[in-house]
Structure formats: C-alpha cells, structure tokens
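No lab work stands behind these numbers, since they all come straight from the coordinates. Owing to the predicted nature of the structure, the values given are computational and were not obtained by experimental measurement. A quick note on method: Cβ atoms are made from the backbone with ideal geometry, for glycine too, and the neighbour counts reach across all protein chains shown.
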Amino acid sequence: MILLQTPWTPSTAKDALSRVIEQALQTVIEPEGTLVLLPHGDGGPDQAVSESDVVAALSALAKTHSISLCGSAYVIDGDGSSRTVGYLVNPTGELQIRMPKIMPDLIEGFTDTVSDASQPADFPVALTAEGQVGILCGEDVLSPHIVRSLITSGAEVILNPSRERTDKLFDIRQKARQARSYENLAYVASASASSVTIDGKTNRLPTATAVAEMWGTELRASSDESFIVGDIDIESLRRRREEPMGNLPAIVRMRLYADGYAQEASNAPPSPASRKEWIAAGQEKVAASIKPARSEDDRIDRYDAVLGQTVTRVALNPDHLSECRQENLKTALYVVGPFARSPGVKLVVFPEFFLTGAVSQLGSSLGHIASKIGITFPGPESDQLAKFAQDNKTFVSGGVFEFDPAWPDRFFNSAFIFDDNGNLIHLYRKIHCADVFGRLPDTTPGSVYTEYVDRYGYDHLFPVADTPLGKLCTVICFDMNFGETHRAMVKRGAEVIIHPTSEPHNVRRRGWDIARHVRAFENTSYLLTAGHGGEFRGEGLSFPGAMQRGYSKVVNYDGSLQCIVDGPGAVPLVGSLDMTALRRARSDVKGNLAAWDDPVVYAHKYAADRGIRNDAWAKNPMVNPYEDAAEIKKVIDIYQRDNVYIRAEGAGNKPAIDQSMQAVV
C-alpha cells in the first residue's frame with residue numbers, strides 16, 4: 001500500500017499526483033493493483049466540486065496507473081451544501097465505495113458542511129489486492145462504535161483519508177488509530193497532506209500519515225515526504241483472525257449494547273450546514289451530556305487518589321481460599337495505609353483479584369465451590385474494607401470475585417466502591433472477561449442476560465456512583481479492550497473510570513496500554529489503573545512470579561500520562577484529580593467526542609447480533625459452554641460464513657495457539 005501526503009484537488013490531481021504515484025510504484029516489486037491512499041483533498045468547503053468531477057479525476061488516475069485509489073474531498077451535496085465523501089475506485093476506474101463522512105469537522109474547528117452524524121450509516125466494503133477495505137473519513141476513525149461497525153461489515157483494512165492539525169489532542173488522536181487497529185484485528189491506514197491551501201493561503205501541516213497494524217505497532221511518515229510505502233500482510237491478519245485468543249471483534253458482546261443504543265438513538269435531526277450551526281449544536285450536545293454537578297458545599301473538586309499495586313498470594317486449594325484472602329487483605333491495607341490517612345487522599349484503588357488472585361488453576365467449572373471463591377456484600381472481607389474506608393474517611397475501590405446467594409452455584413468478577421462512611425455505593429459485574437476462553441469460570445451478565453436484565457433493569461449493567469468526588473464508575477481488566485463499556489458508563493455521567501486489573505505481561509500488553517490512554521481521551525475521563533505487581537502462585541513459594549508486572553498508572557482526561565509505576569512489586573502510587581479542569585475540558589465542543597456520539601449511526605449494526613451471543617450460559621451453571629473457547633470459535637465460523645472474516649490461504653491448518661490456549665488475555 002502507498003500513502004501519499006501530496007496535496008491535491010480534482011482539477012490538479014493528474015499533474016500533482018501522477019509523477020508521485022509513478023515514483024512510488026517504482027519502489028513496489030509488483031505494482032499492478034496496488035492500493036494508493038490519498039489525503040483529504042486540498043482547499044475548503046467553499047471550493048467543493050461535484051461528485052462526478054471527483055470520481056472522474058480518481059478514475060482517470062486509477063486507470064492510468066492500474067491501481068486502486070482512495071481519497072476524500074469536499075463535494076457539492078444534492079441540496080447545494082458541501083460535505084466530505086470518501087471514494088474508492090478500482091484499477092479499471094470503477095467506483096467501488098462511496099462513504100460520506102459521519103462526524104463533523106472537529107479538527108478544523110467546524111466548517112460550512114453537512115455530515116451524517118445523526119443518520120443510520122451504511123458501512124460498505126470492497127475487495128482489493130490489499131484485502132477487504134472500508135473507508136472512514138477524518139474524525140470518523142476516532143469513534144470506537146463506527147470502527148466496530150465497519151469491521152463487522154467485513155473490513156480488514158480501514159482507509160482514513162484525513163487532514164490533521166497540531167493541537168493539544170494531536171498525539172492522542174494518532175494513538176487512537178493504533179488502538180482501533182489492535183482492538184479490531186485490522187490495519188488502519190491514514191493519509192494527511194503535508195500542507196493545505198485555503199483562500200490562496202498555504203499552511204504547513206504536521207506529519208500524520210501512518211499505517212497501524214494489529215499488534216499496535218505502526219509505520220509513520222517521518223517528515224513531509226511525498227509518500228510512504230506500507231506493508232500489508234493480509235494473509236497474516238487472516239490467520240490471526242482464525243485464532244480465538246484475543247480475537248476481540250469475535251468476543252465483543254454487541255447484542256448486549258444494542259438495547260441501550262435503541263433507546264439512546266436520536267430521531268435523526270437535520271444536519272447543521274454551517275460552522276455557526278455546528279458550534280451551536282455542539283454546545284447543546286455538551287450541555288446535555290454534562291450531568292448536573294452537586295452543589296459546591298457537597299463537592300470536592302481537587303483530591304488525590306492512591307493506587308495500591310499489590311503482590312498477591314494465590315491459593316491452589318479451595319479450602320485455603322478464605323485464609324489466603326485474609327492474608328492478602330492485610331497486605332493490601334498495609335501498602336496503602338500510610339497514604340490513606342493523608343487528608344488529601346480521598347480515593348483508594350486496589351487491583352483485580354487482589355484478595356485471591358485468579359482461580360483458573362482450580363478448574364473450568366467451579367459452581368460447586370462458588371461460595372468459597374467469591375466474597376459477599378456484606379461479609380468478612382467486605383466489612384473490613386468498609387471499616388477501612390470509614391476509619392480513613394476515604395472512598396475504597398477494587399476488584400474481587402463475588403458470590404451472590406441470589407445466583408447459586410455462580411460467582412461474578414466484580415468491582416466495588418465503598419464511600420467514606422463505609423457504605424457500598426457501587427457494584428459492577430464485569431461484562432468482558434476471560435470466561436469466554438473457558439479459562440476463568442465466572443459468570444458475566446451477558447451469559448445470563450435475559451434473566452439479569454429482567455431482575456435488575458438494563459442500566460444495572462453500567463452503574464455510576466454520584467459522589468462528592470465526581471461521578472465514579474469501574475471497569476475491570478479485559479474490559480479495557482472494548483470501548484463500548486466505557487462509553488456506556490460515560491453516557492450515564494461517569495467522570496472517573498476506575499480500572500482494577502491483573503494484566504499479563506505478553507505481546508498484547510502494548511495494545512492494552514495504548515487503549516488505556518485512548519479510553520480516557522475518547523471519553524474525556526480520568527482513568528485509574530491499579531494492577532498486580534506479581535503473584536505468589538502456590539503455597540510456600542518465597543518469590544513472586546513476574547507475569548503481572550504492575551504498570552499501575554493514572555491517565556489524564558486528555559489521554560496524557562500523569563504518573564506510572566514502572567515495574568513490579570508492591571507500590572502505592574499517588575495521583576491527583578482536578579475535576580474542575582475535567583469539566584472545563586468536557587465543555588469543549590471540539591474535544592468532547594462522547595457528546596457527538598449518536599447511536600442512531602450504528603445501532604442497527606449492533607442489533608445484528610455479532611460477537612459472543614447473550615445467554616450462552618443461561619442454563620446449568622455446572623456445565624461450562626465456553627470450554628476450549630467453543631463460543632468464540634462459533635463466532636469465527638459465522639464470520640467466515642458471512643465474509644466478515646475472509647479465510648486465510650491454506651485454512652485448515654489449525655493454529656498452534658488454538659491448541660495450547662496457554663495465552664492469557
């Protein structure tokens with residue numbers, strides 16, 4: 001694939017691009033059919049031309065050079081207004097994809113254009129020599145839901161013609177493209193021009209042309225060079241998509257979110273058509289998205305949080321779990337105790353499994369000892385945590401296995417929050433977990449979805465606690481890979497996302513860590529990750545294993561790093577939260593992406609029941625349907641049947657990783 005940074009317009013395309021394309025093709029061993037991605041066309045909306053002119057210019061170039069060619073431009077809409085549309089033409093000049101832009105021109109500070117921000121979107125894909133591709137113009141790639149919808153329509157490569165400018169969010173927008181690649185097992189190719197000329201004035205633009213691949217790495221242009229050549233190994237991607245481990249597009253529980261999206265979708269109001277109208281619409285959206293704050297008398301707008309990175313002892317005998325929990329609890333409280341007593345510390349966060357460690361080594365279906373594995377609320381451990389919160393006048397959060405007698409023979413992977421009076425004010429049950437691999441036999445709400453929602457209501461899936469510290473929510477470990485869960489919390493008011501985790505140190509850690517920063521940015525929320533600093537996995541061990549290596553961190557609401565524990569061990573990490581600054585950032589109509597999120601765009605795609613099905617474990621809790629990743633494999637088969645995934649050449653050779661299942665999520 002070739003990505004150009006050369007400015008172009010339909011009228012200048014032949015002269016401006018032909019020589020660049022010729023030189024670029026000379027660097028390719030087999031140039032015929034090569035996919036070339038152009039940046040967004042030069043000029044402003046007042047220089048928009050007819051769609052036929054744009055398609056004619058692209059088609060002529062494609063036929064001349066025997067290439068597939070993709071680009072976007074401002075074009076005249078049917079009612080005379082301007083809009084951005086992305087196009088793909090094949091080597092014979094035939095138009096294969098027409099994809100209108102969905103999001104407004106946020107980076108440009110809004111423009112006199114219309115867009116499809118409040119309309120159901122089609123997500124067309126087309127097969128090229130580089131793989132099955134789809135187009136997302138400009139800021140559309142920043143929406144996790146829009147990207148997910150394109151991926152589950154069959155895209156292997158996302159083409160992102162864009163125009164980038166340097167501002168405070170420039171770097172994190174580039175990371176968002178990497179995150180989209182990792183969390184969707186896809187290539188994301190973005191081309192941005194090296195300059196732009198508007199009203200006769202030319203300005204240089206930052207280098208923002210890059211190709212991101214499925215492990216979160218990228219090839220990035222290093223200067224204002226005319227083009228870069230990206231290596232798209234589509235067969236490698238297809239083989240990777242056949243493996244169940246970490247196959248996030250197959251694992252996502254899309255149908256679980258669909259009922260909420262159906263309720264939240266707008267009535268498709270007409271698109272604004274001018275910069276002034278877009279700004280006014282944005283101000284309304286921002287005002288509607290910011291939930292009323294408490295009175296100043298009952299609000300703490302600046303405070304510290306301590307993340308208690310712990311080293312946990314893991315019992316291998318179910319009869320020793322209770323004793324192990326007490327020892328781990330004592331150690332955890334010791335780690336954070338001196339800091340929790342500080343008047344400035346108002347929130348303490350512990351990791352996932354900080355009382356038990358994971359229990360996967362005990363078996364794949366543990367319903368018969370669910371009451372031994374999980375703690376209860378109230379109960380011996382939870383009562384001690386509540387007392388610690390009350391004694392230190394601080395909120396306390398963490399991740400635990402939970403046993404609820406209302407669900408006999410089941411246990412949940414849950415996160416809690418106690419307030420500074422020791423009251424349990426929040427209990428979230430993990431939506432995306434290692435249960436789907438048959439490795440961790442906890443029950444997730446999606447596995448018993450119908451009964452769960454009937455009992456508690458849909459909003460119970462995404463609880464948010466309204467506190468003097470702001471609106472707090474939790475997500476747990478593997479949830480980090482799914483932007484849908486975080487956005488659901490933020491749509492319900494969440495400002496601080498607490499993330500107890502127990503992540504393994506393996507090839508996926510980079511992708512998870514990029515996602516951590518992107519989740520904070522795309523939701524304008526603080527993100528607090530408390531992770532394990534190691535585990536004593538087995539009784540009598542005198543040294544901890546290094547599979548969990550800490551890296552607890554506080555991520556600011558703009559996606560920037562505030563502080564981090566840079567390795568393993570038991571460490572208290574103190575960060576600072578400024579809620580006034582966060583709320584100011586949320587009032588920014590350009591930067592508050594969540595305010596522009598209208599499920600009407602993609603609700604129909606989530607209703608299509610892609611990914612792991614609901615109610616997969618609604619029957620006998622003693623019989624685990626996820627054994628050997630069986631449900632993920634079913635989804636992969638369905639995706640291949642429906643051309644969401646394309647079979648790799650030589651498919652039938654079962655991947656070794658599919659046999660071993662040793663990789664932990």
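For region 194-343, with only Lys/Arg (+1) and Asp/Glu (-1) charged at the beta-carbon, what is the dipole magnitude about the Cα centre, in debye rounded to 20? Computed about the Cα centre, the dipole is about 240 debye. The charge dipole of the chain, taken about its Cα centre with unit charges on the Cβ atoms of Lys, Arg (+1), Asp and Glu (-1) only, comes to about 800 debye.
When peptides 509-520, 401-412 are ranked by their average number of other Cβ atoms within 10 Å per residue, the highest-first order is 509-520, 401-412. Quick check on the exposure proxy: order Thr312, Thr113, Thr9 from fewest to most C-beta atoms within 10 angstrom. Final ranking by Cβ density, sparse to dense: Thr9, Thr113, Thr312. Each of Gly86, Ile67, Ser223 was scored by the projection of its Cα onto the charge dipole of region 2-232, and the greatest displacement toward the positive side belongs to Ser223; charges sit on the C-beta of Lys, Arg, Asp and Glu. Centre-to-centre separation between the Cα atoms of region 563-632 and those of region 284-307: 21 Å. When the C-alpha to C-alpha distance is required to be over 23 Å, the pairs from Lys175/Lys634; Lys101/Lys276; Lys168/Lys291; Lys372/Lys471 that qualify are Lys175/Lys634; Lys168/Lys291; Lys372/Lys471. Each label point was placed 7 Å from the Cα along the Cα-to-Cβ direction; for Leu561 and Asp171 their separation is 0.9 nm.
Among the helices of the chain, those built from whole DSSP H runs whose Cα atoms reach 20 Å or more along their own axis and whose mean Kyte-Doolittle hydropathy is at least -1.0 are 51-65, 275-289, 321-340. Select from Ala193, Gly533, Thr444 the residue farthest towards the positive end of the dipole of the chain; place +1 on Cβ of Lys and Arg, -1 on Cβ of Asp and Glu, and compute about the Cα centre. Comparing the listed Cα positions along the dipole, Gly533 ranks first.
At full extension, Ser236 and Ser322 could sit 26.4 nm farther apart than now, given 0.36 nm per residue minus the alpha carbon distance.
Ranked by the mean number of other Cβ atoms within 10 Å of their residues, highest first, the peptides 376-385, 444-453, 246-255 come out as 246-255, 444-453, 376-385. Peptides 99-111, 198-210 ranked from most to least packed, by the mean per-residue count of other Cβ atoms within 10 Å: 99-111, 198-210. Normalised by residue number, the volume inside the convex hull of the Cα atoms of the chain is 147 Å³ per residue.
On the basis of the beta-carbon distance and an R0 of 35 Å, Lys276 and Asp459 show a calculated FRET efficiency of 0.45. Helices in the chain, meaning DSSP H runs of at least 4 residues, each add -39500 (n - 2.57). Divided by all residues, the mean residue ellipticity at 222 nm is -8500 deg cm²/dmol. Rounded to the nearest 20 debye, the dipole magnitude of region 2-232 is 300 debye, with +1 charges on Lys and Arg beta carbons, -1 on Asp and Glu beta carbons, and the Cα centre as origin. Just to be sure I understand the model, the point goes 7 Å from the Cα along the line to the Cβ. What's the resulting Ala268 to Ile290 distance in nm? Each label point lies 7 Å from its Cα, and together they span 3.2 nm. Look at where the Cα atoms of region 432-510 and of region 1-37 average out, and the two centres are 45 Å apart.
The Cα atoms of region 216-359 cover 63, 57, 42 Å along the three principal axes, with the biggest extent listed first. With contacts taken as Cα pairs under 8 Å at a separation of at least 6 residues, the chain carries a relative contact order of 15 percent.
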